[in-house]
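To keep things clear, I will list the structure first and then write my remarks on it.
Only the coordinates and a few stated rules stand behind these numbers; no lab work does. Since the model is a prediction, treat every value here as computed from it, not as a measurement. A quick note on method: Cβ atoms are made from the backbone with ideal geometry, for glycine too, and the neighbour counts reach across all protein chains shown.
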Amino acid sequence: MQHKENPGYFDLFLSFFWIGLTGFGGLAMTAHIRKHIVEKRRWLDGSTFDSGLALCQVIPGAIVMQLAAFIGLKVKGIRGSVVCFIGFGLPAFLIMLILSVLYKESKNISGVETVLSGLRVIIVAIVANAAYIFGKRNFKNANDWIIAILAAGLFLTKLHPFLVLLIAATLGMLLTKKEFPASGRLIKARTIRFFLILLLLVAICAVGLFFLNREYFTLATIMLRIDLFSFGGGLAAMPIMYHELVDLFGWFDKKTFMDGVILGQVTPGSIIIAATFFGYMHFGFVGSIIATVCVFTPSFMILMGIFPFFNKLKSYPQFNKIINGILCSFVGLLAVITYHFTLDIHWNWLNILFTLVAFALLVKKVDVIWVIAGGVIISLII
């Protein structure tokens, strides 16, 4: 396939702004992005796109956000990566900010509560389906189940997620018996200096926030941690976010947290954009910006740092086993968060039927946006 001439930065921005505006369904968006970039625009060939997707799957944070940055990096270098990253994430931020303002002003209105009450039932099905998808994808033998079950038990004890991840990584090293294909050639790129510059900038900003406003500093460090340890994509960040914001700091109750997750699902882009909602609800407009920037920064930096060495890292079985252990632990994590969500719902035959139907539709790969839209309509009718 012959590539078209490299696009300009403005063309890149507009293209990814549109993709971000119309992209629903989390990881399902990767097919949408591939169709636009590989088939329509022909900015990358299929094999390069697929290798980039593989790279983004082992980086913590939102896979689709990192994929946008990877495409920009391959097409137009570091500046192109920044342009694509911002262009893709900006629509979700703007929409979530508007929804957050509306929610804060109207959440006590009975009609809004009725809709959200119905959607809280659907969110149980969504998270349960995520656990099912991750389990189906990652569980290859009994050892993978052992890692997930042990991780679930540790999360129920409210042990800090970082410690659970360390244990899961260790178990992955010891128990994983999968065979991993040998890597290809080393990809060369000049991103290390940019990574170090970003690291210095983050450190300076963190120190500045520490002395200027301790609450903003706390919010920033929470979001940085959430992104740094969210292996497995955007949905994997939700249990960690729940643990930090509900269990550890108590800034939100379960109901408000679930509402934020629901808004993250109905917003295009990654569900991690729910960070905008939580930042706004607790700290206003400034908090929404801090939360949004910080919840995407670590994974973007990791992409810059690991990009030149990814194929080399994949040649080490230990690296792949660690990633496998972490991914298996998230199945247990999602199972635990599903359990927590069920506790705050008044279960009757209608809610049970609602949840089972939503789960069945998601398993059948019906787009989540249609499941949510159907839930809104049914909630209003009922």
Original post:
Longest exposed-loop-site-free stretch of the chain, with GluC sites (Glu not before Pro), DSSP loop and at most 12 other Cβ within 10 Å?
Top reply: 180-382
Original post:
Considering the Cα trace of the range 251-319, what is its radius of gyration and what is Dmax, both in angstroms?
Top reply: 16.3, 46
Original post:
Along the three principal axes, how long is the range 121-176 when you take its alpha carbons, biggest first, rounded to the nearest angstrom?
Top reply: 37, 27, 14
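What is the order of 352, 33, 381, fewest Cβ neighbours within 10 Å to most? Can you show the working numbers first?
Details: 352 12, 33 21, 381 7.
Final ranking by Cβ density, sparse to dense: 381, 352, 33.
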Original post:
Quick one: if the Förster radius is 45 Å, what FRET efficiency do residue 104 and residue 40 give, using the C-beta to C-beta distance and rounding to 0.05?
Top reply: 0.70
Original post:
Reachable aspartates and glutamates from residue 321, Cα under 20 Å, same-chain residues fewer than 8 places away excluded?
Top reply: 144, 179
Subject >> FRET efficiency, 1/(1 + (r/R0)^6) with R0 41 Å, evaluated for residue 253 and residue 200 via beta carbons >> reply: 0.60
Original post:
Which residues in the range 82-98 place their backbone N less than 18 Å from a point set 7 Å from the Cα of residue 9 along the Cα-to-Cβ direction?
Top reply: 82-90
Subject >> Mean projection area, nm², convex hull over Cα of the range 189-270 >> reply: 7.0
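If you rank 307, 278 by fewest surrounding Cβ atoms within 10 Å, what's the result? Mind dumping the intermediate values first?
Working: 307 24, 278 28.
So the ranking, lowest neighbour count to highest, is 307, 278.
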Subject >> Rg and Dmax of the range 224-286, Cα atoms only, in Å >> reply: 10.9, 29
**OP:** Determine the shape class of the range 304-382: with a ≥ b ≥ c the square roots of the Cα gyration tensor eigenvalues, call it rounded for a/c under 1.5, and otherwise prolate if a/b is greater than b/c, oblate otherwise.
**Re:** prolate
**OP:** May I have the extent of the alpha carbons of the range 341-382 along their three principal axes, as whole Å values ordered from largest to smallest?
**Re:** 26, 22, 16
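Using Cβ counts within 10 Å as a stand-in for footprinting exposure, how do 267, 48 rank, fewest first?
On the way: 267 24, 48 17.
Listing 267, 48 from fewest to most nearby Cβ atoms yields 48, 267.
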**OP:** Let me know the volume per residue of the alpha-carbon convex hull for the range 234-382, in Å³.
**Re:** 150
